[in-house]
Amino acid sequence: MSKIALVTGANRGLGRNTALSIARHGGDVIVAYRGNTAQASRLPPR
């Protein structure tokens, strides 16, 4: 079974680092953000 995490505020700061860390360790990540699509789109795809 795969682990899935929902990370809010994932376009910058702590939320971004958390999402990237989970992904690096093999987890699937759903990211949510309120604004700044340009920053959020720079999250690397898996």
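The values are calculated or read from the model by the stated rules, or taken from the named source; none is laboratory data. Not measured: the values here are computed from a predicted model. Cβ placement follows ideal geometry from the backbone for every residue including glycine, while neighbour counts extend to all protein chains displayed.
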If you scan region 2-27, which residues turn out to be within 11 Å of the chain's Cα centre (by Cα) and of a type in the set (S, T, N, Q)? T8, N11, N17, T18, S21
Cβ-Cβ below 7 Å, separation at least six or inter-chain, first residue in region 31-42 and under 15 Å from V7 (Cα atoms), second at pLDDT below 75 and part of a helix (DSSP H, G or I): which pairs? V31/A40; Y33/A40
Residues being assigned to a helix (DSSP H, G or I) and either among the aromatic types (F, W, Y) or at pLDDT 90 or above (or both): count how many of those fall in region 24-46. 1
